[in-house]
1. So GLU35 ticks every box in (1) open to solvent by 60 Å² or more (accessible area, probe 1.4 Å); (2) farther than 22 Å from ASN152 by Cα; (3) in contact (Cβ under 8 Å) with a residue 24 or more places away in the chain but one. Which box is left unticked?
2. Any chance segment 103-125 includes a residue that's at positive phi and at pLDDT 85 or above?
3. If I ask for residues that are modelled with pLDDT of 85 or more and assigned to a loop (DSSP other than H, G, I, E, B), which ones from segment 72-99 would you list?
4. When segment 12-46 is examined, which residues are found to be out of contact with any Phe, Trp or Tyr (no Cβ under 9 Å at 6 or more places or on another chain) and among the hydrophobic types (A, V, I, L, M, F, W, C)?
Amino acid sequence: MASGIDEPPFDLPQTEGKKCICQENGQFRAYFDREGAISFLFDLYWLVTDLPIGEDINIWPDDSNTLPSTGRQIGICEVTLISEHTDKKKSKGFRKQSVPKPEKNFLFRSEDGRLDYFVTAKEVREAYLTLTRLITNFRAANSRSEATIFGNLVVRLVP
């Protein structure tokens, strides 16, 4: 547990579940069914425990369009792990050169239908813990639960 988080308290789903990313009135929203949320939780875990600085995970929307989302659908969302340090010196613990954290932690390119987040290990751990609580407290049967991760991505669990 050198990363500061334990393995997810759920079984790895057999499928990646349903998921989509939308922009609704200037707000970015990620919609997941329970399996999609657990799958993303495992991705966050692997990002902070196994992948080097500069690597990323993706949220690819499924093609079913069955989640109750509104707004403009975004084609892909990438979450890239960046260094918490802003110096450009190579360090023994880094596998890639440190990159300064940008002023905003995201970049949205509407022409490409792409949303990129640039997050530190600390932000990934916070998102992991938030999403774990959200999934744990989620009660299916017509309920919606949501929380915000990475400062401005609203994650909504839907039945």
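The values are calculated or read from the model by the stated rules, or taken from the named source; none is laboratory data. It should be emphasised that the depicted structure is a prediction, and the values quoted were computed from it without experimental measurement. A quick note on method: Cβ atoms are made from the backbone with ideal geometry, for glycine too, and the neighbour counts reach across all protein chains shown. Only protein heavy atoms, including side chains, enter the accessible area calculation; ligands, DNA and RNA are left aside. Shrake-Rupley method; radii C 1.70, N 1.55, O 1.52, S 1.80 Å.
1. GLU35 satisfies all of (1) open to solvent by 60 Å² or more (accessible area, probe 1.4 Å); (2) farther than 22 Å from ASN152 by Cα; (3) in contact (Cβ under 8 Å) with a residue 24 or more places away in the chain except (3).
2. Let us first name the residues in segment 103-125 that are at positive phi, namely 113.
If we keep only those that are at pLDDT 85 or above as well, we get 113.
Yes.
3. Once the filter is applied, which keeps residues that are modelled with pLDDT of 85 or more and assigned to a loop (DSSP other than H, G, I, E, B), segment 72-99 yields GLY75, ILE82, SER83.
4. Filtering segment 12-46 down to residues out of contact with any Phe, Trp or Tyr (no Cβ under 9 Å at 6 or more places or on another chain) leaves 14-15, 24-27, 29, 31, 33, 35-36, 43, 46.
The answer is TRP46, and nothing else.
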